[in-house]
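The values are calculated or read from the model by the stated rules, or taken from the named source; none is laboratory data. Computed from a predicted model, the values in this text were never measured in an experiment. We place every Cβ from the backbone using ideal geometry, glycine too, and count neighbours over all the protein chains shown.
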Amino acid sequence: MQMISSVVVDRDLQKQPTLESMMSQLKGTVASELAPQVEAIDQGEYPREFMHHIGAVGAFGQAVSVEYGGSANGLRGAIQAIEAVSEECLCTGFMSWCQVACTWYMQNSENSYLKENVLPLVATGKALGGTGLSNPMKHFAGIEKIALMAQKVDGGYVLNGMLPWVSNIGEGHYFGIAAQLADCDDYLMAIVSDELNGLTLRCNAHFIALEGSNTYSCVFRDVFVPDEWILAAPCEDYVTRIRPGFMLTQVGMGLGLTESCIGLMARSNQRYGHVNQFLDDTVEELSEDLAIARHKAYELADRLDREEGCDRALFKEVIQSRITASELSLRASQSAMLHAGARAYLHGSKVERKLRESYFVAIVTPAVKQLKKMLHDLNQIEN
């Protein structure tokens, strides 16, 4: 891995832009730069320049301390940024979440090297970052076995195995990983780069949506990761610390997609409102449910930022918020299809894309079925 000797980031602790001003600039950038690219992204083009641009605007550093290149607006700001991008393009919204997740891992680590040298780059979009916790998070929930192993050696760890479904990665990207420590039940988490010797990125099968997300399988063959790049080892307490924010920021994807679908429904009603009124979900009903879900997510974000730790009751609320966002996305996209009718059934229509994207919100790790299992397991503990 190429070591960083210095970080070219403005750490002048001058007055940071307000969340409102950042959001205004971000929405303008989404409209002018992202909207014209959405069809190409849906077909597999990666919007690298746009990602760098919104990083410079502040989209990725909302939950990052000012001293590490962020804005210190907390998880609420992170959710709002992801929501704004997802409203136009869920694929890019998801990649924005991946970038935020990568900063979240480092922000919550005790590793000063990563905080001082890598976090500012990812928080400001100077470097792009992803996450590879799909398989590990399923393993931690008792769903599948972890596929990456780590052996302690002098100065670091040697990793062997693979991680499927690692997103927002590519040349020069950083991303978070987890691996089981050899001969024990403990685990580590680390930040790695595609530049590591022995690490190979393999293209996954084509998806029905989010083709532009730069999602790969990562194969590790005797990959050395130095101690300076370890987020936590062992990492049980660390995973407990990052998991609520990891999950809650994903809600932004569902909020943004639902908002977009409601807008499409309203547009259809301009011509077909006289018949759409007989459908189960109306613009008014979905708008009310969206407002409730949004308020709850923001409230939980503020509580996670404010409180020390996340107790079981609060974590259950986070899980439920994530479930609600997924189910609301599915309802909204189905309703948008029914409101638009045959026009939506044409390949390449915006409504058709929203339908495909909505299932990703419900399937991305942790998927709805995993979330409901987690709630069940937590309730069993209480009983």
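Given the structure, is P244 touching a Cys at 6+ places or on another chain (Cβ under 7 Å) and either in a helix (DSSP H, G or I) or not charged (D, E, K, R) (or both)?
Yes, satisfied.
Could you please let me know if A332 is under 26 Å from M95 (Cβ atoms) and crowded, with 20+ Cβ neighbours inside 10 Å?
yes
G348 passes all but one of (1) touching a residue at least 24 places away in the same chain (Cβ under 8 Å); (2) on the phi < 0 side of the Ramachandran plot; which number fails?
That leaves (2) as the condition not met.
Among the candidates S321, S333, which residue alone is at pLDDT 95 or above, closer than 18 Å to G263 by Cα and in contact with a Lys or Arg (Cβ under 9 Å, 6 or more places away or on another chain)?
Testing whether each residue is at pLDDT 95 or above, closer than 18 Å to G263 by Cα and in contact with a Lys or Arg (Cβ under 9 Å, 6 or more places away or on another chain) leaves just S333.
Would you point out which residue out of A344, A291, A301 is closer than 29 Å to N383 by Cα and assigned by TED's automatic domain parsing to the domain that holds Q270?
Checking each option against the conditions leaves just A301.
State yes or no: is L257 touching a Lys or Arg at 6+ places or on another chain (Cβ under 7 Å) and buried (at least 19 other Cβ atoms within 10 Å of the Cβ)?
Considered against the rule, which asks whether it is touching a Lys or Arg at 6+ places or on another chain (Cβ under 7 Å) and buried (at least 19 other Cβ atoms within 10 Å of the Cβ), L257 comes out as yes.
Answer with yes or no whether M374 is of a type outside the set (S, T, Y), touching an Asp or Glu at 6+ places or on another chain (Cβ under 9 Å) and crowded, with 18+ Cβ neighbours inside 10 Å.
The answer is no for M374.
What are the residues in segment 215-225 that are part of a strand (DSSP E or B) and among the hydroxyl-bearing types (S, T, Y), if any?
Once the filter is applied, which keeps residues that are part of a strand (DSSP E or B) and among the hydroxyl-bearing types (S, T, Y), segment 215-225 yields Y216, S217.
Looking only at segment 63-71, decide whether some residue is surrounded by 24 or more Cβ atoms within 10 Å (Cβ to Cβ) and in a helix (DSSP H, G or I).
yes
Is there a residue being on the phi > 0 side of the Ramachandran plot and over 16 Å from the mean Cα position of the chain (by Cα) anywhere in segment 72-85?
There is at least one residue in segment 72-85 that is on the phi > 0 side of the Ramachandran plot and over 16 Å from the mean Cα position of the chain (by Cα).
In segment 96-214, which helices (runs of 4 or more DSSP H) lie fully inside it and hold 3 or more residues that are modelled with pLDDT of 95 or more, touching a helix residue (DSSP H, G or I) at 6+ places or on another chain (Cβ under 6 Å) and buried (at least 23 other Cβ atoms within 10 Å of the Cβ)?
Because the criterion is at least 3 residues that are modelled with pLDDT of 95 or more, touching a helix residue (DSSP H, G or I) at 6+ places or on another chain (Cβ under 6 Å) and buried (at least 23 other Cβ atoms within 10 Å of the Cβ), the helices (runs of 4 or more DSSP H) in segment 96-214 that meet it are 119-123.
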